[in-house]
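The structure appears right after this line, and notes come after that.
Computed from the coordinates by the stated procedures, all read-outs in this text should not be read as laboratory data. Because the structure is predicted, anything quoted here is derived from the model rather than measured. Because the Cβ atoms are built from the backbone with ideal geometry, glycine has one as well, and the counts that use them run over all protein chains shown.
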Amino acid sequence: MKARAKVMVAVVAGAGLVAAPLAAQRAPRAQGPGGDGARAAFVGPRGAGVEALLRQREALELTDQQVARLNTLRLEHLQAAQADQAERARIRSDVAAGERTAAEARDALHQARDRAHERRDALRVEMQGLLTETQQTRLQELRQQRRADRAEGRRGDRGDRPRLRDGRPGPGNGVPGRPGRQRPGSAR
């Protein structure tokens, strides 16, 4: 029994040590299809996330108190996200070690996901509560402008795209999401 407890402690500690550097290396994820940040770690790095509000502090004219509270929220949410990640790693390890069945693990993972969604929703409500009506209006304007800029960048002026010496399109002009690849049937 002692050996099993030592192994469990080692697995949880190892998962925590590995999870933090890996999470730090991961690029921000895009928002979900509904624009609600469902796929994002912190409510949506490009949307209404804590980090996005902090990046836009000058444009939103955030007070020092608002910035301090947002930083506190960011750190609290980061710690909770790291704990969630360690819990998921522990659950998967339990399955691999035969300590849980796949069905038990699935239920535990669903419960962990539901808790994370509840925390995310509470974070969103608290962030909205920090902003004045004027700041919320300005935030909506900034989001609309960003969306328009992104849409223009996808359609935009194709004359300024990079070209290779022989005139072919350069990297990023091929299949979306696959830089440097040409569309099927296009001439090289």
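Structural remarks
- Residue-by-residue Karplus 3J(HN,Hα) for the stretch 87-102, coefficients 6.51, -1.76, 1.60, Hz, glycine and proline x: 5, 5, 5, 5, 4, 5, 5, 4, 5, 4, 8, x, 7, 9, 7, 4
- With the highest mean first, a sort of the peptides 142-152, 74-84 on other beta-carbon atoms found within 10 angstrom per residue produces 74-84, 142-152.
- Net charge dipole size for the stretch 64-131 [Lys, Arg +1 and Asp, Glu -1 on Cβ; Debye, nearest 20]: 160
- The slack in the chain from D149 to A103, taken as 0.36 nm per residue of separation less the alpha-carbon distance, amounts to 12.0 nm.
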